Each structure stands twice: as structure tokens, then as C-alpha cells.
1. Going by the alpha-carbon gyration tensor, a ≥ b ≥ c the square roots of its eigenvalues, is the range 71-152 rounded (a/c under 1.5) or, if a/c is not under 1.5, prolate (a/b greater than b/c) versus oblate?
2. Taking amide H positions as placed 1.01 Å from N in the peptide plane, with prolines and chain starts having none, which residues 5 or more places from Q357, or on another chain, fall under 5 Å of its amide H?
Amino acid sequence: MMLKRMKAGSIRWQIAASAIAPVILVALLLILTQPLTLYQPESLSYGRGTALKIEMVTEQVRAAETPEQLAALFAIVSNTGLKVEEVSPAEFGNDPNLSISRTDPRQLVRNNLPDPILTSFRTNTSTGKLHNVIVVAVGDGRALAFQPSPPPTASWITEKQINLALKVMIVIVPILLVSLYAASTITAPLLKFAAAAETLKPDEGPDRPFDENGAAEIHTLAKSLNDMRSRVRSMIEDRTRMLRAISHDFRTPLTRLRLRAERSNQPELKASFLADIAALSDMIDDTLIYLSKEMGAEKLLNADLPSLLDTVCADFTDMGYNVHYSGPERFAYRCKPRWLARAVTNLVENSTKFAQQVTVTLSVLEDRSVRISVKDDGPGLPADLHTRVLEPFFKVDTARTSSDRTGFGLGLSIVDDIVRAHGGKTELMNASPHGLIVHIDLPVEDATSVVSPPQLASNASRATA
């Protein structure tokens, strides 16, 4: 319960708690372990332990009443690794030829014996059983020779190094915990938000796609995003209803105007009226298509791109334009065929206004991506306008001009929207010696070709087949 409350609290307090708590914990550990000998050097622990054994044995020898008790005591002590033997008082005294270093085990032991205990060092006892011994005066003219066991191997880490490591941990542990906390509590929800935003569609999916759990700031952010999502969806629904009403209200008077124009007895005036009505109808259609997002309603299908492109070219050929297709004879691609055909139709229609010949080419690149190219022999476009013509409501007044140009400048914008909805991109470039080429590059991940390799075909060959 407390952990849940902490996670639901403010991020600033959670970070502060994550930084302070480890410091307090490490400090408590240092205080609790300070009296222990865990961090003492091995040589110091060895010297103290052996000195305590010698003190105990000395006291037991003084208390022993019979030789049997003394022999049993020596046997028990020898089993612990500390060999002992009673020697004559004459052997008490330092060997004049003996030199003891500071690191000698006997020196470490004597440094830990109480001052009242008299000791000396000898190389061997008179019996020759013990070597490198420390002789301790027991009293009453008695002495004991002790041969300490070899000290343990020196530890690879010293007390100073351990203390330094603990101090470093006081700094590193809070940073590590704060980093883990940031990754799990702050970064993870934000990454989920980013992933949800990438896949989020304005008019599809749940109303509240962002999880409103976690810290207070994350909860507030998720709630704000969900509220914004609801407002955006409401705006889209309102716009859709408005567009449908506008479409109905515009088409009704246009239909009446067309019927009245058909009754006109003046051919030239009738043709002008019908042309203006058709242009106005086309502008309305383009505007409604651009503003509405009905493309999202069409499902992805495996379409035969050559057939789709050839059908578009055939429709313009039937109207008297010189438009033909070049590319593979068969190739299946997963797309929204009706809208992809609309994009190519817009490009071809734009080219027929300024050119005499238009070629639609389908290419399957080496990485299995798809390129649809629409090339014409018109005047082309200045290089600085190749990107701007894809913007909505932008109309070119130079280079590519036409006396009967109509429209709002939405044709290429609709093409770019359709291509981007398929995960592709649109690129314009001038042809040599003149003309314009529009490339539609579609990604490979959605493309699936037929088993047989693509075979090039033209309009004539397809007609013969």
C-alpha cells in the first residue's frame, strides 16, 4: 500500500526519497559494522587470536595439578594449530644470533600479549621438536615454548580499500537507484506515450489511449493527452458532419444549374456554363477530398499495380490524351487501390494540362521497394517550386501555365497525402531536355510480388495479349 502511494505521489518527492534513503542505509551499515572485526586485516586478527590462546594455555598450565592433565592440555592446544612444549627456564631468553622482523608471526603475537607476560624468541627448543618459537614465562621457574601456526594468506583487499569502496557506494548507489527509478517510473511511461502517439489515428482507436496511472505528473500528462484526444475526435466528427452538409448543399444548386444550362438554345453559352459548372464541381470535390479523411476507411488489399496503372492510362487514352504505361506485366502490392489510383490520376491529369505525352512507369527496385513515375514533356517546374507545389492551396503562376487553369491547388497535395498515408514519399524533378517527372516511392515492407519475375510490358503488348 505504501509503495503504491509513493508511486502515485509527486516525482520530485520520489526522486528525493530515492536519493536520501540509500545514503541513510549505507550510513547505518557503517555504524553497525564499526565494532566488528570483519574489516580488520588478517594479520591483526591472527595475532590477537594466537595471543588469546597463549594467555589461556598459560592460565591452564598454572592450574594443572598432575602431569596427565598437563599432557592432555598440550594435546588439545596442538590440535588447534598452536604447538606447545614445556621447556626449562634456561631456554627463556632471546637467542643472540636471532633477528626478528616486524612481520614475523611471533612478533605479531607478542604485540598482542599483555605487558606483564614475559616472552622471548628462539629458533629451536632443546628437544628439537619445535622451531621458531616464542617462549613465555609461566612463573615458579617454569616456561612454555609456543610454535604459532603460519598466518593466513594476506587478503587481496585492505581495510582502507573497503572503507573507500563504501564511500564510493554512498555516492553510486543513490545515483543508480535514481537512474533505475527514472527508467521505470518516468522514462517508461513517456516512451509508452510516444509509441501510442506514433500509432494513434485521429478518428480510430480508443477514446483514451494513454494510461492514466503512475506518478502525479505522469497521471496529469496522460489525462491531458486523453482529453486532447477526445477534443480532436469531436472536432473531426463535427468537421465530417459539416463537410457532408456542405457537399449536399453545393451539389443541389449545381445540379439545377447544369439542368438549366442543358436547356439553353445558345451552344456557346451552354458550353461555357457547363465548363464552369464542371470546374466548380471539380474544385468542390478536391476540397472535400482534401478536408475529409475518408481514405482511412479503405482497407489494405493486395492489388495488381500494373492493372491499376494501365486502367488509369486507358481512361485518359479514351479521352484523347497520349498517355501510356510502361513496367512489369504483373506485380502485387498491398495498398489502398482506390486511393492510390486517385493519386496517379491526379498526377496524370496535371500533366495533360501542360504536356502532349505522358508516361506512367512502374519500377521494382533492388531492395524490393516500389517506384511509380509519371513523366511528361511539358515545360517543367523551377527547382525551388518542387517542394512548394505539394503544399495545399499553392498554385504555380509561372513556367507551367494554362489559359483554362482552374482549381484550388489541391491536386498535388492530395497526392502527397495519399502517398504519405502508404508510408511513401513524393519527389519532383525536371526531365531532360524538358518536362517534369514525379516519383512516388512506396516502402518495401508492404510489398509482396508474384512468384514469376516482373516482365516489362507496354500498352500495345498488353492490348495484343
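1. Here the range 71-152 falls in the rounded category.
2. For Q357, whose amide H was placed from the backbone, the distant partners under 5 Å are D377.
We did not get these values from a lab; they are worked out from the coordinates using the rules stated. Because the structure is predicted, anything quoted here is derived from the model rather than measured.
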